[in-house]
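A.B. asks: Shown below is the structure under consideration.
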Amino acid sequence: MAASAQQPTQPGGGKRKGKAQYVLAKRARRCDASGPRQLQPGLQGILITCNMNERKCVEEAYSLLNEYGDDMYGPEKLTDKDQQPSGSEGEDDDVEAALKKEVGDIKASTEMRLRRFQSVESGANNVVFIRTLGIEPEKLVHHILQDMYKTKKKKTRVILRMLPISGTCKAFLEDMKKYAETFLEPWFKAPNKGTFQIVYKSRNNSHMNREEVIRELAGIVGTLNSENKVNLTNPQYTVVVEIIKAVCCLSVVKDYMLFRKYNLQEVVKSPKDPSQLNSKQGNGKETKLESADKSDQNNIAEGKNNQQVPQNTEELGQKKTTSNPQVVNEGRGKPALASQATEGSKSNENDLS
């Protein structure tokens, strides 16, 4: 029995590692000395969408963020390896002192390796998350877009949208509600007030309900101050909700419509040319999604003004259809109605004759 319980041996004679050992090693690589390597609750950063080239996107993001980060916060201070703390040679004789010194050196070197901007795994294709440390993401991204909007100077090729993320939590409705109650206070709790809209996007997640999330967040904003009103054309604040797998990213941004929904490719274009405003963004998918977001917000605004909660998903996720059967059938109904009209006219002529 004891022999059968032993782990199988490899051809070289060594024992094979169990599954638990591989899992622990993988977690250790994700959370090494340079910080977390994947998107998780408790982080701040910048969510960036790109056009099929994530590596080039990370390079452009580092270049752009470092340029404007140095402008706002000054150059990043890095400590050379020669300046790392080290103990005296005499302490090596004492084992306990040597261990304490080694632990202190590891902690110090870990803090030195934490950079201002660090790319982590987002969990979705064509999406890059840059973790930030010691800065305010919403102010930095707003400063970047404001400068690009004024100068009309294009500085990126593959980056599409750049959204600041001020906080992350678990992507479950109860966790999101509890987190949003305190997260939204600086902007919407009395005496603070303002007009707002909610922009929702979900990736690689199937258990969250879009309409329910928007309804709950809008209710929280209204509870914080009854004078907060929905405005979909030119709101003061836009509540950005980005869900990736089991993580919910939240932020409150300004000038969302003015800066072309925080799209770096569109913000540098001149608004005088209407053809540029209607041009496709990236691969064309984001344009359709953003138009769907706007229709959803219109329906939510109508439901809030009438103090009624929509009963089905068609009121929130789809455009309203008219009662005219010609519009619903889109061509199939028209011949039928035309034939009915001709038959009716013939029957009237027979009656008259």
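A.B. asks: Got a sec? Which of Glu286, Glu242 is crowded, with 17+ Cβ neighbours inside 10 Å, modelled with pLDDT under 95 and either farther than 22 Å from Asp147 by Cα or hydrophobic (A, V, I, L, M, F, W, C) (or both)? First the steps, then the outcome.
C.D. replies: Details: Glu242 fails: modelled with pLDDT under 95.
From the options Glu286, Glu242, the qualifying one is Glu286.
A.B. asks: Something else about it: Tally up the residues in the range 90-128 that are outside any strand (DSSP E or B), within 26 Å of Tyr73 (Cβ to Cβ), open to solvent by 30 Å² or more (accessible area, probe 1.4 Å) and modelled with pLDDT of 75 or more, please. Break it down into steps so the answer makes sense when it comes.
C.D. replies: Start the filter on the range 90-128 by keeping residues that are outside any strand (DSSP E or B), which leaves 90-116, 122-126.
When the remaining residues are screened for being within 26 Å of Tyr73 (Cβ to Cβ), the result is 107-116, 122.
Adding the requirement that they be open to solvent by 30 Å² or more (accessible area, probe 1.4 Å) leaves 107, 110-115.
Subsequent filtering for residues that are modelled with pLDDT of 75 or more retains 115.
Qualifying residue count for the region: 1.
The values are calculated or read from the model by the stated rules, or taken from the named source; none is laboratory data. Everything numeric here is computed off the predicted structure, so don't read it as measured data. Methodologically, a virtual Cβ is constructed for each residue, glycine included, from the backbone with ideal geometry; neighbour enumeration extends over all protein chains shown. Quick note on the areas: whole protein, heavy atoms, side chains included, nothing else; ligands and nucleic acids left out. Shrake-Rupley method; radii C 1.70, N 1.55, O 1.52, S 1.80 Å.
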